[in-house]
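The values are calculated or read from the model by the stated rules, or taken from the named source; none is laboratory data. The shown structure was predicted, so the numbers you read here are calculated from the model rather than taken from an experiment. In this analysis, Cβ positions are derived from the backbone assuming ideal geometry, glycine residues included, and neighbour counts consider all displayed protein chains. Heads up: the accessible areas ignore ligands, DNA and RNA and are worked out on the full protein's heavy atoms, side chains in. Shrake-Rupley method; radii C 1.70, N 1.55, O 1.52, S 1.80 Å.
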Amino acid sequence: MSPRAWIQAHKEALLAQLVTFLRFPSVSAQPTHRSDLHATATWLKETLQGLGFAVELLGDPPVVHAFQAGPPEAPTVLFYGHYDVQPPDPLALWESPPFEPRITAEAIYARGACDDKGQVFAHLAAWQYFKETLGRLPVSLHVVIEGEEETGSDTLYEVLAGKGTAWRSDAVIVSDTAFFSEAFPTLTVGLRGLLYTEIRVKGPARDLHSGTLGGVVANPALALAAILTALKGPDGRVRIPGFYEGIRPPLPAERAAWRELPADEAYYLSLTGAPALAGEVGFSPLERVSVRPTLDVNGLWSGYTGPGAKTIIPAEAGAKVSMRLVPGQDPERIWEAYKRFVMEVAPPGVTLTVDKLHEPAPAFETPTDSPFYRAAEEAIARAFGRKPIPLREGGSIPVLPALQQAAEGAPVILMGFGLPSDAIHSPNEHFRLRQLWGGIEAAVYWYARVGGLSVSG
Ligand code: BES
Ligand code: MN
Ligand code: MN
């Protein structure tokens, strides 16, 4: 039976199963959801056992590891995904509750629908296809699904450190990225790295009356504002000394491939809803979201923010500041330069602390000359009707370098099926059903091709 016909015949059952997966509020950032992470891992364990895998749960929150042997001569593949999700906040902006999946003619709405449960599910369905139609998988398969991707992958890093070569594989397959658009399928060939920091500025020992004592102390909120504005110029360039040193420019062939994409200003205006675009001078919007590094403030707090006026000089101010890094930038070197720069530009009269909130991750690149990459090109072309364009993605999956190491340097294939309009990390996250069905089909074609099996379209 062709994958397309099989999917058609199983749509109802597959959606019901995905709904079950999405109903778990597996929010890794919030301690109250610890037991939900365990429940989700247990559901995955049982589901994978039903598909013929030997399954173990490792660490807390559990990393789900499963293995199933394929034909003796077939390659070994490692699938990676994550079952944790971002907090659903702000709840009031959801049109239906985030953990009560809603299915329309076009899409399934829920937190995690696209990032990453829906995409993990595309592979679960593909494995089910092989079990039902072939009685086995076309490859030997390690499955690794973690519950902490959104918070820094601590447990998976630990598990990987203790694994040695047990997860040696010939290729790593990941579906946790997006197409450029529905009309332009893409294969992600790179991800930006991430350096995530927090700055805390302390002034007076307590909030002060801004009248009786205003004029004798530095205001931490203003001091923090001065630091933040020093970090980036009006030309959109990051001012940290050496920040741009060593960056490898994109290859001419990469640039040529992008010219096919309608990535003009209007496209990014509609995607963002911002009144105007901004960013580093001298680069196109597509370059600015993929091959150029950035620095952004992700959170900012100080003083009184409730209704009405309160006359204080706040005792403290804080900001979360993160940088997206590109190939050639060394996260540790940039961390040191950043810290030194923040200390230098801080105005007198305050004390500060600068901390890292995650293990800094370098940018990640994938080769495009492996048979596994070509299998992904072919799989997407068959399932979505158009050859994918290779594109670097601005987001990050920081654990991938460590995972690739555990797979002994095997090529990593980033065959994601999301869309930039899916609202991941935002209210009303969804996954287009066209992408779900196409994703299952593409996954089937990929495993089949890699295992040297031919399946009819
Ligand atoms: N799946 C995303 C990364 C992503 C998003 C890749 C869109 C391609 C397109 C992943 O779950 C994620 O959100 N990563 C975080 C990093 C993490 C440490 C919080 C990110 O990029 O902000
Ligand atoms: Mn993700
Ligand atoms: Mn995410």
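Remarks
- Take residue 209: with every protein chain present and a 1.4 Å probe, its accessible area is about 100 Å².
- Taking a ≥ b ≥ c as the square roots of the eigenvalues of the Cα gyration tensor, segment 1-77 is oblate, since a/c reaches 1.5 or more and a/b is not larger than b/c.
- Annotation note: chymotrypsin sites (Phe, Trp or Tyr not before Pro) in segment 253-356 located in DSSP loop regions with a Cβ neighbour count of at most 16 within 10 Å are 283, 304.
- Scattering curve values for segment 345-414, log₁₀ I(q)/I(0), Debye with Cα scatterers, q = 0.28 Å⁻¹: -1.28
- Calculated diffusion of segment 279-359, Stokes-Einstein form, Kirkwood radius summed over Cα pairs, 10 °C and 1.306 mPa s, µm²/s: 102 µm²/s
- Accessible area (Å², per residue) of the chain, counting only protein heavy atoms and a probe of 1.4 Å: 42 Å²
- Shape class for segment 126-184, computed from the alpha carbon gyration tensor (a ≥ b ≥ c): oblate, with a/c not under 1.5 and a/b at or below b/c.
- Over segment 57-141, Cα pairs under 8 Å with separation of 6+ residues give a relative contact order of 44 percent.
- Length available on full extension from residue 298 to residue 356: 0.36 nm per residue minus the Cα-Cα distance, which gives 19.5 nm.
- The share of accessible area on segment 109-198 that comes from carbon and sulfur is 43 percent, using a 1.4 angstrom probe.
- At q = 0.09, 0.18, 0.20, 0.21 Å⁻¹, base-10 log of I(q)/I(0) for segment 128-268 (Debye sum, equal scatterers on each alpha carbon): -0.65, -1.30, -1.34, -1.36
- Kirkwood Rh in Å, taken over all unlike Cα pairs in the chain: 23.6 Å
- Within segment 335-457, the ratio Rg/Rh, alpha carbon atoms throughout and Rh by Kirkwood, equals 1.14.
- Here the Karplus curve 6.51 cos²θ - 1.76 cosθ + 1.60, taken at θ = phi - 60°, turns the phi angles of segment 254-264 into couplings of 5, 4, 4, 4, 5, 4, 6, 8, x, 9, 8 Hz, with x standing for Gly and Pro.
- Distant-in-sequence amide contacts of residue 393, defined by a placed amide H-H separation under 5 Å and a gap of 5 or more residues or a different chain, comprise 189, 190, 191, 192.
- Segment 77-121: C-alpha gyration tensor shape, a/c 1.5 cut-off, then a/b vs b/c: oblate
- C-alpha center-to-center spacing [segment 261-308, segment 58-128] in angstrom: 28 Å
- Remark: relative contact order (the chain) = 27 percent; criterion is Cα-Cα distance under 8 angstrom and separation of 6 or more residues.
- With a threshold of 28 Å on the Cα-Cα distance, the over-threshold entries among 45/356; 11/45; 45/320; 202/310 are 45/356; 45/320.
- Rounded to whole Hz, the Karplus (6.51, -1.76, 1.60) HN-Hα couplings of segment 357-363, x for glycine and proline: 9, 9, 4, x, 10, x, 5
- Rounded percent of accessible protein surface that carbon and sulfur make up, segment 361-457, 1.4 Å probe: 48 percent
- Cross-link reach is defined here as a Cα-Cα straight distance under 14 Å, omitting same-chain residues fewer than 8 places apart; for residue 232 the aspartates and glutamates meeting it are 280, 296.
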